[in-house]
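A single structure is presented below for examination.
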Amino acid sequence: MKQIQIDLSPEEYASEAAVRRAVARALGVAETALDPFRITRRSIDCRRRNVQYHCTVEVGTVSETEMSSITSISGNSSRLSVVIVGAGPAGLFAALRALQLGMKPIIVERGKAVEERKKDIVNLVRTKEVNPDSNWCFGEGGAGTYSDGKLYTRSTKRGDVGEVLRLFVEHGADPDIMVDVHAHIGTDRLPAIIARMRETIISGGGEYHFNTRISDLLVKDGRVRGVVTAAGDEIAADAVILATGHSARDIYELFARRGWLMEEKPFALGVRVEHPQELINEIQYHGKGYSRLLPPATYSLVTQVEGHGVFSFCMCPGGVIVPAATAAGQQVVNGMSNAARNSGFANSGIAVTVSPDDVKGEGWHALLDFQKAVEQRAFEAAGGCIDAPSQRLVDFLRRKPSSRLNKSNYMGHCVAAPLHEVLPEFVVDCLIQGFKDFDRKMRGFITEEASLLAVESRTSSPVRIPRDKESLQHPQLQGLYPCGEGAGYAGGIVSSALDGMRCVEAIPRK
Ligand SMILES: Cc1cc2nc3c(=O)[nH]c(=O)nc-3n(C[C@H](O)[C@H](O)[C@H](O)COP(=O)(O)OP(=O)(O)OC[C@H]3O[C@@H](n4cnc5c(N)ncnc54)[C@H](O)[C@@H]3O)c2cc1C
């Protein structure tokens, strides 16, 4: 078996015969003598004017895609038990790994099963009222369910990314996610995958407790022995994985009340920018009318302004902007897309890094209060509801309110608001410089047709729940494994999933 790299034009890539010809040419053999082959990795390179598919091809005895061993695991009720608080990517992959290691996962989730959760999301858009336990961030699958399902990560050293992808495929994701460097699943496909993971976990002997919010930890002799629910019930276990995500502010308040250690950490805050997808395609594909042959184009932008990073985040081609607040009185936006990415709009978070030095006050509470205050200002700017305060990009750059708004694909209404007054001054300055730099990198990014929606404030958590580097346990609480994005150890679906698996692996087996 041999691996080769080939570059193909979009036209070649679309033709089986042309791919065959290119592989034979790269190997220096006649097409008739060509062994079986398959493309195992592909990405689109649009840095140069000639847009190319960059492919890794396996030639010879073509191996089957390796699968995970998870579905063959059977129940065993006498094993080590672990309570997993939160059924987001960190919690679910922790549960799947627990089964692989012969432990019993007990998932405790404040929200509902995906099927029920969907109704609350529809209701949220219709009534503009946020259910604090069931919304775009809370409920089965966590913030990753109604998302774009982008599956790329820079944290390749934190674990086996292939295993995360294999588990997604084994539960119904398109096997192409193993091939695409920038793979995504789509929000229309994710709920069914999450529901199949539930079936695996239950059939392997795991347990689910939905509609069950954790309000305390069961601590005896400095060791965490389980959790206490808001209804006052106790759920005991040998270990607890705390994977509650970055929006579970009640968990940070619990730690503060009980005097358990927490730390502040840098996070990021900004806006969501929205363009017509066709415009992004034209910029990225160099105006070559490739829309028919290539997927909706993406972008990734980063720059530095006066010591702050300004960067694009969670870019959703063909996507929708959603209200992602988790409680009344907040306005937060995020983005998602269906598998086909065919909404006609491109949106992306554009965030500015915020460090403890940028904020008045000391400690993690100052950062959290700062984040909350911006979300509240955005809520008020929209007239006291989860309509999206919005401004045309060109007006924001001139610090001038918009007298009219562009068409938007926000799931709700947009309300004209002066975002240059809603956001903190240093964030506005950095965004203005950042957008100008992005326009130099992507000519046409600044356009009359671009809109900004606020506020993109949940890119990551401003708080870290510390853990020991080796044992992954909280320094004061043996048996507690702070995990995933909410504890400050991950950002995104794949890195959260990897962290979930890592925490389970750190639990000493009896
Ligand atoms: C709209 C949207 C789109 C996104 N798109 C992408 C994307 O395309 N790709 C990507 O990599 N990332 C994306 N993200 C980010 C990604 O979803 C998160 O990084 C990831 O879900 C974090 O995983 P987690 O398991 O650590 O936490 P979460 O997914 O936040 O899960 C935490 C879970 O804990 C539960 N919980 C909270 N408090 C309690 C409590 N007290 N008791 C019991 N349960 C509790 C919550 O209900 C929730 O289900 C998106 C996020 C959003 C909101």
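The values are calculated or read from the model by the stated rules, or taken from the named source; none is laboratory data. Everything numeric in this text was worked out from a predicted model, so none of it was measured. Here the Cβ positions follow ideal geometry from the backbone for every residue, glycine too, while neighbour counts run over all protein chains shown.
Scan region 145-162 and tell me whether some residue there is under 15 Å from MET501 (Cβ atoms), more than 12 Å from the ligand (Cβ to nearest atom), more than 16 Å from the chain's Cα centre (by Cα) and buried (at least 24 other Cβ atoms within 10 Å of the Cβ).
Looking for residues that are under 15 Å from MET501 (Cβ atoms), more than 12 Å from the ligand (Cβ to nearest atom), more than 16 Å from the chain's Cα centre (by Cα) and buried (at least 24 other Cβ atoms within 10 Å of the Cβ), one finds none in region 145-162, hence no.
Among the residues of region 269-291, is any away from the ligand (no atom under 14 Å from the Cβ), within 30 Å of ARG79 (Cβ to Cβ) and either at pLDDT below 95 or not charged (D, E, K, R) (or both)?
No: zero hits.
Would you check if there is a residue in region 420-431 being in a helix (DSSP H, G or I), within 16 Å of the ligand (Cβ to nearest atom) and not assigned by TED's automatic domain parsing to the domain that holds VAL125?
No, region 420-431 contains no residue that is in a helix (DSSP H, G or I), within 16 Å of the ligand (Cβ to nearest atom) and not assigned by TED's automatic domain parsing to the domain that holds VAL125.
I've got another one for you. Does GLU485 fit the bill of being surrounded by fewer than 22 Cβ atoms within 10 Å (Cβ to Cβ), in the same structural domain as ARG249 (by TED's automatic domain parsing) and part of a loop (DSSP other than H, G, I, E, B)?
It is false that GLU485 is surrounded by fewer than 22 Cβ atoms within 10 Å (Cβ to Cβ), in the same structural domain as ARG249 (by TED's automatic domain parsing) and part of a loop (DSSP other than H, G, I, E, B).
Moving to a separate point now. Report, by residue number, each residue of region 489-504 that is of a type outside the set (A, V, I, L, M, F, W, C) and more than 10 Å from the ligand (Cβ to nearest atom).
Answer for region 489-504, where residues must be of a type outside the set (A, V, I, L, M, F, W, C) and more than 10 Å from the ligand (Cβ to nearest atom): just ARG502.
Go through (1) part of a helix (DSSP H, G or I); (2) among the hydrophobic types (A, V, I, L, M, F, W, C); (3) farther than 15 Å from LEU453 by Cβ for VAL352 and report which single condition fails.
With (1) part of a helix (DSSP H, G or I); (2) among the hydrophobic types (A, V, I, L, M, F, W, C); (3) farther than 15 Å from LEU453 by Cβ applied to VAL352, the lone miss is (1).
Filtering region 45-65 down to residues that are without any contact (Cβ under 8 Å) to a residue 40 or more places away in the chain and not in a strand (DSSP E or B), which residue is surrounded by the fewest Cβ atoms within 10 Å (Cβ to Cβ)?
Residue satisfying both the conditions and the ranking: GLU64.
If you don't mind, another one. Looking at GLY232, GLY245, which one is at positive phi and crowded, with 17+ Cβ neighbours inside 10 Å?
GLY245
(1) at negative phi; (2) surrounded by fewer than 19 Cβ atoms within 10 Å (Cβ to Cβ); (3) small (Gly, Ala, Ser): which one isn't true of GLY444, the others all being true?
Unmet condition: (1).
Just to be sure, is ILE193 free of Cβ contacts under 8 Å to residues at least 60 places away in the same chain and either away from the ligand (no atom under 16 Å from the Cβ) or buried (at least 19 other Cβ atoms within 10 Å of the Cβ) (or both)?
Yes; evaluated as a whole, the condition is true for this residue.
Looking at the structure I just gave you, is GLY444 part of a loop (DSSP other than H, G, I, E, B) and within 16 Å of the ligand (Cβ to nearest atom)?
No, not satisfied.
Then there is this: Would you call VAL310 in contact (Cβ under 8 Å) with a residue 12 or more places away in the chain and either within 12 Å of the ligand (Cβ to nearest atom) or outside the structural domain of CYS414 (by TED's automatic domain parsing) (or both)?
For VAL310, the condition - in contact (Cβ under 8 Å) with a residue 12 or more places away in the chain and either within 12 Å of the ligand (Cβ to nearest atom) or outside the structural domain of CYS414 (by TED's automatic domain parsing) (or both) - is not met.
Among ALA256, ALA297, ALA243, which is at pLDDT 95 or above and near the ligand (Cβ under 9 Å from one of its atoms)?
Only one candidate passes the filter, namely ALA243.
Which of the residues that make up region 22-44 are out of contact with any strand residue (DSSP E or B) (no Cβ under 6 Å at 6 or more places or on another chain) and either hydroxyl-bearing (Ser, Thr, Tyr) or exposed (fewer than 15 other Cβ atoms within 10 Å of the Cβ) (or both)?
Correct list: ARG25, GLY28, VAL29, ALA30, GLU31, THR32, ALA33, LEU34, PRO36.
Given the conditions (1) among the polar types (S, T, N, Q); (2) away from the ligand (no atom under 16 Å from the Cβ); (3) more than 30 Å from PRO508 (Cα to Cα), which single one is not true for ASN409?
Looking at each condition in turn, ASN409 falls short on (2).
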